[in-house]
Amino acid sequence: MNNCKWLMFCLLFLTASFGLSQKDVTISGYVKDASSGETLIGATVYVPELQLGSSTNVYGFYSITIPEGSYRLEWGYVGFSDYAETIKLNSNLKKDIELGIEAAQMDEVVIVAEAKDKNVRDIQMSVNKLDIQTLQKLPTLLGETEVLRSIQLLPGVTSVGEGAAGFNVRGGSIDQNLVLLDEAPVYNSSHLFGFFSVFNPDAVKDVKLYKGGIPARYGGRLSSILDVRMKEGNNKKLAVNGGIGTIFSRLAIEAPIVKDKSSFIIAGRRSYIDWLSRPFLSDEFANTALNFYDLTLKTNYKINENNQIFVSGYFGRDNFRFGDAAGFNWGNSTATLRWNHLFSDRLFFNLTSYYSNYDYQINFGDTAEDKFDWSARIINYSLKPQFSYFLKPTNVIRFGGQSILYEFQPANAIAVSNNEAIDISLDKQYAFESNIFVENELDVGSRIKLNYGLRLSLFNYVGKGNAYEYGEAPAGEVKPFVSSTSYDQWENIQTYWNLEPRASIKYQMNETSSIKLSYNRTAQYIHLLSNTIAATPVDVWTPSTNNIKPQLADQVAMGFFKNLDEDKYEMSAEIYYKSMDNLVDYIDGADLILNQFLEGQILEGEGRAYGLELMAKKKEGRFSGWLSYTLARTERQVVGINNNQWYPARFDQLHNLSVTTFYDITNRLTLSANFVFNSGTPTTFASSRFEQAGFVIPNNDNNARNDVRIPNYHRMDLSLTINPKEKPGKKYFGKWIIGVYNLYNRKNAFSVYQSQDLDRVAPMGETTSEALRLAVIGSVIPSISYNFNF
């Protein structure tokens, strides 16, 4: 008996010793494109023996910790050849992998360049990603690749009409979308009043849109995050890309500075509408300028295995000048400095510092004695440290924070009349926004995956400046000004803080199906003031103040995700409900222009948005594409508007359908098409009218808001891409893109308004008026462009 006890003790000791002798080791590194050295976002790393895997982060870094031993590791990325290697791991190992592009994929459209089953395996829901190769195949206006117009083909994303700047996501206004370019915010993401985006496709690497289930590391806006990542530059060889289009041309150059260690990219675009129109203009308009341009650049330097720095920048501008008498212009400038550092094989650190400046300028008058000059801007400075700790393949912990300094210049305005200057500028405003977050991504067994976190945000509205106090007023009327208090520089005026919990869960039903749930609370402390049909470049940004509260939103979403035929087909269905508080609206007839007491005309209300989003996608093959459908409602309730009843928001659309297809006719010819149908958006019509001295004055008897709808919107576009012949050793490649926008000549209404007959009315005669439909684009627009690279 004693021998048995001794034997059991020895067995337990040996078992414990064996367990203690087993140690975990970490293999980590970067996954890159072998042809350019660009890091690949979302590339997979898999260990078949353990049935464990991981994926690269937004900087292309991966880390996977497993027990020591000999394993076969597989690295993969859709559209690239897989790489596998058997490695004996008895200590930590750093291993960078370069994947080559599959020959069959060079011309074939691949809808998403990630793991084939990522949509059912990953925790993320309400997220859409479009790679630049797909964007370049889409039919577009005048043949130019477009980021913002392309994402409007996805479920839950809409616009109020053709030529409208920005986009709307799940019932949010355009200022409720945080648009990031290499982590720096872009406050006006459009050129030419919304027809083109500020993102040069030759410099874009990755585009991802978060509509819900937003991780705790993101914040600052209510509705969505559009995260655009720039290329780092080819660190293998010189590469030149460009295009010559109908209204503008572009050129991008990227090359190594030190091969495999440092590289750069510089990309520029300019339109030439003014050059083409100059021969047809009279001398009075000889100095007319109708153009936009932008310059995007980035460089990086790998200091050693643990440290790498990146510097990127953007500068763009739109110019509209009508001779010497009048004009206006607007533009964005951003600069980003990033430092990646590895504290260990498991702890990844990124420090981002950025500068962002959006401004616009308006001027009238061609003499110094009589003129008007107005400019406005919003400036940001930010520092953002973030950590990712790869605890094990099934558990990643992220934590960090951010501080932002805002400077608002709502109006620097000087009017000169008879050589006498009058300064009607508005005070500058300042604010600090800070946040800290922690986020945990965890696998619980083989079927359940969690991502939960908490974000604490803090906002301080500070001096130098005046804070105004207003009295009470009947609902919908101007609040009376009571008093003003002056504050010194950086003196605190008002403080707000909010806890923003985030949570997502995925249940893996089987190999090809999953169910996902998510909840997120978001807070937004800055607001875009606009009461036009669509936002314009000259709308004003303002901070939360002692009179304007932060906007808040709570969103829940549930989705079912299914793949078919070895992941060649994807299907998804999501439902969501979003409630919003402290939304900014205005009394009827509010004056937003150069108004010192504007806050007395602002109303706060509630919002709700709910809907169903369906998407079916064929990801590869000669015929590919997707179908997207959204059934949704977006409503507002504001005391003082619409008799205090709920009413549809200006961008409410019940039905939103898009069909996007690609067909490879041959290896050289690809035909693309898309069809879009949107329900008409709401607007407000007069219910009665007054007549005075022959003029019609419309009136709204019932105080209704958005009680009628403009006609439905639908459009079809086609595009044919002609690729070059394949020849061994060929270094120059050129392709033609022939497109037709608005194929069947639909005159879609942007707005409907009432107009009076301009003819003189006879005595005792009746003044007539009619409803007119304004179509921004009312004809077929053919285009041809030529793209090249070498």
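Which members of the range 53-70 meet the condition of being assigned to a strand (DSSP E or B) and open to solvent by 50 Å² or more (accessible area, probe 1.4 Å)? Across the range 53-70, the qualifying residues are Pro67, Ser70. The set of residues from the range 10-32 being open to solvent by less than 20 Å² (accessible area, probe 1.4 Å) and either closer than 22 Å to Leu99 by Cβ or modelled with pLDDT under 90 (or both) comprises Thr26, Ile27, Ser28, Gly29, Val31.
Could you tell me whether the range 609-627 includes any residue that is closer than 22 Å to Leu528 by Cβ and touching a strand residue (DSSP E or B) at 6+ places or on another chain (Cβ under 6 Å)?
yes
Taking the range 347-427 as the region of interest, the strands (runs of 3 or more DSSP E) fully inside it that hold 2 or more residues being in contact with a Pro (Cβ under 6 Å, 6 or more places away or on another chain) and of a type in the set (Ser, Thr, Tyr) are 347-364.
Let's see how each residue does on (1) under 26 Å from Asn546 (Cα atoms); (2) in a strand (DSSP E or B):
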residue	(1), (2)
Glu441	no, yes
Asn466	yes, yes
Ala473	yes, no
Val482	yes, yes
Ser486	yes, yes
Gln489	yes, no
Ser504	no, yes
Ser514	no, yes
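Flag: Asn547 matches the condition of being open to solvent by 10 Å² or more (accessible area, probe 1.4 Å), in contact with a Phe, Trp or Tyr (Cβ under 9 Å, 6 or more places away or on another chain) and either outside the structural domain of Pro215 (by TED's automatic domain parsing) or under 25 Å from Glu472 (Cα atoms) (or both). Residue check: is Leu73 within 23 Å of Ser388 (Cβ to Cβ) and assigned to a loop (DSSP other than H, G, I, E, B)? Spelling it out, it is not the case that Leu73 is within 23 Å of Ser388 (Cβ to Cβ) and assigned to a loop (DSSP other than H, G, I, E, B).
Of Arg250, Arg221, all but one fail to be crowded, with 19+ Cβ neighbours inside 10 Å and part of a strand (DSSP E or B); the exception is Arg250.
This table checks each residue for (1) closer than 30 Å to Leu347 by Cβ; (2) in contact (Cβ under 8 Å) with a residue 12 or more places away in the chain.
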{"residue": "Phe399", "(1), (2)": "yes, yes"}
{"residue": "Ser403", "(1), (2)": "yes, yes"}
{"residue": "Ile414", "(1), (2)": "no, yes"}
{"residue": "Ala421", "(1), (2)": "no, no"}
{"residue": "Ser486", "(1), (2)": "no, yes"}
{"residue": "Gln494", "(1), (2)": "no, yes"}
{"residue": "Trp497", "(1), (2)": "yes, yes"}
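When the residues of the range 569-582 are filtered to those that are under 15 Å from Lys116 (Cβ atoms) and in contact (Cβ under 8 Å) with a residue 60 or more places away in the chain, the one that is farthest from the chain's Cα centre (by Cα) is Glu570. Of the residues making up the range 556-608, those that are open to solvent by 70 Å² or more (accessible area, probe 1.4 Å), within 30 Å of Leu426 (Cβ to Cβ) and in a loop (DSSP other than H, G, I, E, B) are Asp588, Gly589, Asp591, Ile593, Gln596, Phe597. Taking the criterion of being within 22 Å of the chain's Cα centre (by Cα) and of a type in the set (D, E, K, R), would at least one residue in the range 635-648 satisfy it? Checked the range 635-648: no residue is within 22 Å of the chain's Cα centre (by Cα) and of a type in the set (D, E, K, R). What do you reckon, is Val240 in contact (Cβ under 8 Å) with a residue 40 or more places away in the chain, hydrophobic (A, V, I, L, M, F, W, C), in the same structural domain as Leu517 (by TED's automatic domain parsing) and open to solvent by 10 Å² or more (accessible area, probe 1.4 Å)? Yes; evaluated as a whole, the condition is true for this residue. Pro698 meets the conditions (1) touching a Phe, Trp or Tyr at 6+ places or on another chain (Cβ under 9 Å); (2) closer than 15 Å to Leu627 by Cα; (3) not polar (S, T, N, Q) in every case but one. The failed one is (2).
Within the range 155-170, does at least one residue satisfy the condition of being among the β-branched types (Val, Ile, Thr) and open to solvent by 10 Å² or more (accessible area, probe 1.4 Å)? Yes: the range 155-170 contains one or more residues that are among the β-branched types (Val, Ile, Thr) and open to solvent by 10 Å² or more (accessible area, probe 1.4 Å). With respect to being of a type in the set (D, E, K, R), at pLDDT below 95, crowded, with 16+ Cβ neighbours inside 10 Å and assigned to a strand (DSSP E or B), Arg338 falls outside the description. In the set Phe372, Phe390, only one residue is surrounded by 15 or more Cβ atoms within 10 Å (Cβ to Cβ) and over 30 Å from Asn451 (Cβ atoms); that residue is Phe372.
Of all residues in the range 129-156, those that are more than 15 Å from Gly194 (Cα to Cα) and either of a type outside the set (Lys, Arg) or within 17 Å of the chain's Cα centre (by Cα) (or both) total 15. Every condition in (1) surrounded by 15 or more Cβ atoms within 10 Å (Cβ to Cβ); (2) part of a loop (DSSP other than H, G, I, E, B); (3) touching a strand residue (DSSP E or B) at 6+ places or on another chain (Cβ under 8 Å) is met by Leu50 except one, and the failing one is (1).
Take the residues of the range 441-482 that are out of contact with any Ser or Thr (no Cβ under 8 Å at 6 or more places or on another chain) and acidic (Asp, Glu): which is least open to solvent (accessible area, probe 1.4 Å)? Within the range 441-482, the match that is least open to solvent (accessible area, probe 1.4 Å) is Glu441.
Inspection of the range 653-672 identifies at least one residue that is outside any strand (DSSP E or B) and open to solvent by less than 60 Å² (accessible area, probe 1.4 Å). Selection of strands (runs of 3 or more DSSP E) fully inside the range 704-790 by the criterion of at least 3 residues being farther than 30 Å from Ile253 by Cβ and at pLDDT 90 or above returns 713-722. Being open to solvent by 50 Å² or more (accessible area, probe 1.4 Å), in contact with a strand residue (DSSP E or B) (Cβ under 7 Å, 6 or more places away or on another chain) and part of a strand (DSSP E or B), is that true of even one residue in the range 632-642? Yes, the range 632-642 has at least one match.
Does the range 195-208 include one or more residues that are assigned by TED's automatic domain parsing to the domain that holds Ser356, assigned to a loop (DSSP other than H, G, I, E, B) and among the small types (Gly, Ala, Ser)? No, that holds for no residue.
Scanning the range 298-330 for residues that are surrounded by 15 or more Cβ atoms within 10 Å (Cβ to Cβ) and in contact (Cβ under 8 Å) with a residue 60 or more places away in the chain gives Lys298, Thr299, Asn300, Phe310, Ser312, Tyr314, Gly316, Asp318, Phe328, Trp330.
The values are calculated or read from the model by the stated rules, or taken from the named source; none is laboratory data. On a predicted model such as this, the values are computed, not experimentally measured, just so you know. Reconstructed Cβ throughout: ideal geometry from the backbone, glycine too, with neighbour counts over all protein chains shown. Heavy atoms of the whole protein, side chains included, go into the accessibility calculation; ligands, DNA and RNA do not. Shrake-Rupley method; radii C 1.70, N 1.55, O 1.52, S 1.80 Å.
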